[in-house]
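Enquirer: Sharing a structure here in structure tokens format.
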Amino acid sequence: MQDGHVLLVKKCNHENYRKLMELNNTKLHNFIAKYNEIYNPDSVYICDDSEKDRQVIKNRAVENGEEINLSISGHTVHFDGFNDQARDKANTKYLLSENTELGSNFNAVYKGSGLDEIHRYLKDIMSGKEVFVLFFCLGPTNSEFSIPCVQITDSSYVAHSEYILYRRGYEQFKRIGESNHFFRYVHSAGVLEKGVSKNVDRRRVYIDLEDNIVYSVNTQYAGNTVGLKKLSLRLAIQKASQEGWLAEHMLIMGVHGPDGRKTYFTGAFPSACGKTSTAMLKGETIIGDDIAYLRKKDGKVYAANVECGIFGIIRDVNTIDDPVIWEALTNEGEVIFSNVLITKEGIPYWLGDGREIPEKGINYSGEWYKEKKDSQENQIFHSHKNARYTVSLYPRENVDPMLDDSDGVEIKGVIYGGRDSSIWPPVQEAFHWAHGVITMGASLESETTSATLGKEGVRQFNPMSNLDFLSISLGKYIENHLKFIDEADDQPSIFSVNYFLKGKDGKYLTSMEDKRVWIKWMELRVNGDINAIKTPTGYIPDFIDIKRLFQKVLGKEYRDKDYKKQFTLRIPENLEKIERISDIFKKTSDTQEIFFKVLSEQRRRLEVVRAEYGDYVTPDLLKKYGEIKINAF
Ligand code: SPV
Ligand code: MN
């Protein structure tokens, strides 16, 4: 027996050791033994799929001080450190072997020095602590989508979050036997002070794409630590690229049409652009709100949710806009709140909850009071802008029954949306797959909000909302999307949506609930029930269809003057966008020719219409134009 194994036997009690050995996988055992020797915990707890182990973890989170019980049964709060409130992009790096190249867009360190550094940080980091070894599965278990994962962590909060967000995978490991095809995560919150990571200046997230291992240290924020979330998305994008499927930052939802018809959509939106609230729309059913795997079978596209819970932003969650989430957050049941304000009565408050802000309480800055400022004299809000809630999907009244289906659900529509004050209309449909992939998905941009650092209103390029997680080159990533669908396949329709369009006066032209109408229009379109108006950038709705849907879905009168403003084609802004996107892709060495061809065709169509009608063209004129000169498109 190697030294590492001897040590592991010492640190596990008999029962834990038995659980580990029942998984007949030498590579798994060696991996756990190796890191056990480095981080050197007092004891090792091995979790199987039992309810008992889930309870142990839940209790540990409170016993260890990483979570605090709140007044409602099942609710806890967790605080991340004052400077540990979001994904740390600067310190998240790929570990590269000397002879591999990822390109300059990627944050990377050489593997030798990166591993030396992380091993130094991990050395004895768990002494005095208990470590948890957990098994989960990305995607439904026992399916083509399944990717088994092992998470090693000393944070019971991270372990507890994963129990809520992912399907259990101990039995899945039994199924794969000696296979090496699993993802591995090693995490330590490091030294805790008042329940939070103390040494955030030494926070590191290092990703080894060769061995499918992610190391995360001196941090607790879930986006940096919950291995199965954005860290696995990076591993999965590479795996998908090698195997011919897609790993996407996408929601999956069932849209309910006439006569009980249900049509599944996926949708990609950058963070804080309405992804979760779209997935949670009233009247529809949710499969997932964040990460989807897409695979093809018999010419059809199928998608599965990688997760089975939601780690959602808790900002502007109120009774009107998010009734289902509000229900979950104010009633008994398992919820982890993070970085909100807690009153002495144990009641959580967050930004935009529609309630009066309490005078004081505790939040991520410790004791909080209304005038509290940080060291730079900036006001500290009662709840952080990136505060979150973690809940399971299973108890939700709008959960779709196909959530765990091992085949996934057939996807008929794909939606791309960003925060865009001036270009795209509220909804439009691409002419075909490549047109949608290139002019909508790959051209996605989003304006920064006060929730992100830096200036507001700056457009950021974020193709498929997956830019932060790419582990292959941008050109290859787009090529994979284009190749994914062949001529003979049942092509899903691609749509763009824009919930943030503004008029000349700077006011939003649509209201939050209008997205319920746009989604119904998309459902009717993919099922071939209605016609649409062909414009240079895609198909837009006919007034009459939207008017009928506003009445039916929202009980509201839809006015012609709103339609005209919302669906006016803004030609100068569209042309500028094409230039911006072309410039980015010209610098990407492996962009395919078709990419520029599709963009220049779009440019030509816009110029033709501008020559006839000027810079801003209302939908009635577009309709006339489309009917007369349809071939010009
Ligand atoms: C996002 O920011 O897109 C999230 C939260 O879903 S995180 O886990 O931080 O990525
Ligand atoms: Mn996300």
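Enquirer: Looking at 205, 196, 200, which is the one that is closer than 26 Å to residue 67 by Cα, touching a strand residue (DSSP E or B) at 6+ places or on another chain (Cβ under 8 Å) and of a type in the set (Val, Ile, Thr)?
Expert: On the way: 196 fails: touching a strand residue (DSSP E or B) at 6+ places or on another chain (Cβ under 8 Å); 200 fails: touching a strand residue (DSSP E or B) at 6+ places or on another chain (Cβ under 8 Å).
Only one candidate qualifies: 205.
Enquirer: Further question on the same structure: Given (1) farther than 30 Å from residue 483 by Cα; (2) touching a Phe, Trp or Tyr at 6+ places or on another chain (Cβ under 7 Å); (3) aliphatic (A, V, I, L, M), identify the lone condition not met by residue 393.
Expert: (2)
Enquirer: Collect the residues in the range 136-195 that are acidic (Asp, Glu) and either outside any helix (DSSP H, G or I) or surrounded by fewer than 24 Cβ atoms within 10 Å (Cβ to Cβ) (or both), keeping them in residue-number order.
Expert: 144, 154, 171, 178, 193
Enquirer: Let me ask another. Filter the range 198-220 for residues that are outside any loop (DSSP other than H, G, I, E, B) and within 16 Å of ligand 1 (Cβ to nearest atom) and give the result. Spell out how you get there, then give the answer.
Expert: Residues of the range 198-220 outside any loop (DSSP other than H, G, I, E, B): 200-202, 204-208, 213-217.
Those that are outside any loop (DSSP other than H, G, I, E, B) and within 16 Å of ligand 1 (Cβ to nearest atom): 200, 205, 207, 214, 216.
Enquirer: Could you go through the range 221-235 and let me know if any residue there is within 16 Å of ligand 1 (Cβ to nearest atom), assigned to a strand (DSSP E or B), more than 14 Å from residue 469 (Cα to Cα) and among the small types (Gly, Ala, Ser).
Expert: Scanning the range 221-235, I find no residue that is within 16 Å of ligand 1 (Cβ to nearest atom), assigned to a strand (DSSP E or B), more than 14 Å from residue 469 (Cα to Cα) and among the small types (Gly, Ala, Ser), so the answer is no.
Enquirer: Keeping to the range 373-399, report how many residues are open to solvent by 30 Å² or more (accessible area, probe 1.4 Å) and in a loop (DSSP other than H, G, I, E, B).
Expert: So the answer is 12.
Enquirer: Among 20, 28, 8, which is the only one that is in contact with a Cys (Cβ under 9 Å, 6 or more places away or on another chain) and buried (at least 16 other Cβ atoms within 10 Å of the Cβ)?
Expert: Selected residue: 20, the only one of 20, 28, 8 that is in contact with a Cys (Cβ under 9 Å, 6 or more places away or on another chain) and buried (at least 16 other Cβ atoms within 10 Å of the Cβ).
Enquirer: State which residue is most open to solvent (accessible area, probe 1.4 Å) when the search covers only the range 31-44 and only residues that are in contact (Cβ under 8 Å) with a residue 60 or more places away in the chain and part of a helix (DSSP H, G or I).
Expert: Out of the qualifying residues, it is 38.
Enquirer: Buried (at least 16 other Cβ atoms within 10 Å of the Cβ), free of Cβ contacts under 8 Å to residues at least 40 places away in the same chain and under 26 Å from residue 448 (Cβ atoms): which single residue out of 351, 341 fits that description?
Expert: It is 351.
Enquirer: Looking at the range 86-101, I want the residues that are farther than 15 Å from residue 115 by Cβ and within 16 Å of ligand 2 (Cβ to nearest atom) and have a partner that is outside any loop (DSSP other than H, G, I, E, B) and open to solvent by less than 70 Å² (accessible area, probe 1.4 Å) with Cβ atoms under 7 Å, at least 6 apart or on another chain. Which pairs are those?
Expert: Partner pairs satisfying both residue conditions: 86/223; 87/223; 87/224; 87/230; 88/205; 88/224; 89/468; 92/205.
Enquirer: Now a separate question. Return the total of residues in the range 109-135 being open to solvent by 40 Å² or more (accessible area, probe 1.4 Å) and not in a loop (DSSP other than H, G, I, E, B).
Expert: Summing the residues that are open to solvent by 40 Å² or more (accessible area, probe 1.4 Å) and not in a loop (DSSP other than H, G, I, E, B) in the range 109-135 gives 8.
Enquirer: State which residue is nearest to the chain's Cα centre (by Cα) when the search covers only the range 271-304 and only residues that are open to solvent by 10 Å² or more (accessible area, probe 1.4 Å) and within 16 Å of ligand 2 (Cβ to nearest atom).
Expert: Filtering first and then ranking leaves 290.
Enquirer: Looking at 336, 320, which one is on the phi < 0 side of the Ramachandran plot and surrounded by fewer than 22 Cβ atoms within 10 Å (Cβ to Cβ)?
Expert: Of 336, 320, the one residue that is on the phi < 0 side of the Ramachandran plot and surrounded by fewer than 22 Cβ atoms within 10 Å (Cβ to Cβ) is 320.
Enquirer: Now for a separate question. Do you know which residues across the range 427-469 are in contact with a Lys or Arg (Cβ under 8 Å, 6 or more places away or on another chain), in a loop (DSSP other than H, G, I, E, B) and open to solvent by less than 10 Å² (accessible area, probe 1.4 Å)?
Expert: Listed by number, the list holds a single entry, 443.
Enquirer: Among the strands (runs of 3 or more DSSP E) contained in the range 292-356, which hold 3 or more residues that are not aliphatic (A, V, I, L, M)?
Expert: On the way: elements: 292-297, 300-305, 309-313, 335-338.
Correct list: 292-297, 300-305, 309-313.
Enquirer: So, one more: List the pairs whose first member sits in the range 46-62 and is touching a residue at least 60 places away in the same chain (Cβ under 8 Å), whose second member is open to solvent by 60 Å² or more (accessible area, probe 1.4 Å) and assigned to a helix (DSSP H, G or I), and whose Cβ atoms are under 9 Å apart, counting only residues at least 6 apart or on separate chains?
Expert: 46/15; 46/18; 48/22; 48/171; 49/171
Enquirer: Can you pull out every residue in the range 57-87 that is crowded, with 19+ Cβ neighbours inside 10 Å and either among the acidic types (Asp, Glu) or part of a strand (DSSP E or B) (or both)?
Expert: Residues satisfying the conditions are 66, 67, 75, 76, 77, 78, 80, 84.
Residue-wise test of (1) within 15 Å of ligand 2 (Cβ to nearest atom); (2) open to solvent by less than 10 Å² (accessible area, probe 1.4 Å); (3) at pLDDT below 95.
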| residue | (1), (2), (3) |
| --- | --- |
| 204 | no, no, no |
| 207 | no, yes, no |
| 210 | no, no, yes |
| 213 | no, no, no |
| 216 | no, yes, no |
| 226 | yes, yes, no |
| 234 | yes, no, no |
| 238 | no, no, no |
| 241 | no, no, no |
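The values are calculated or read from the model by the stated rules, or taken from the named source; none is laboratory data. Here the structure is a predicted model, which means the values were calculated and not measured. Quick reminder, even Gly has a Cβ in these numbers, built from the backbone with ideal geometry, and neighbours come from all protein chains shown. Heavy atoms of the whole protein, side chains included, go into the accessibility calculation; ligands, DNA and RNA do not. Shrake-Rupley method; radii C 1.70, N 1.55, O 1.52, S 1.80 Å.
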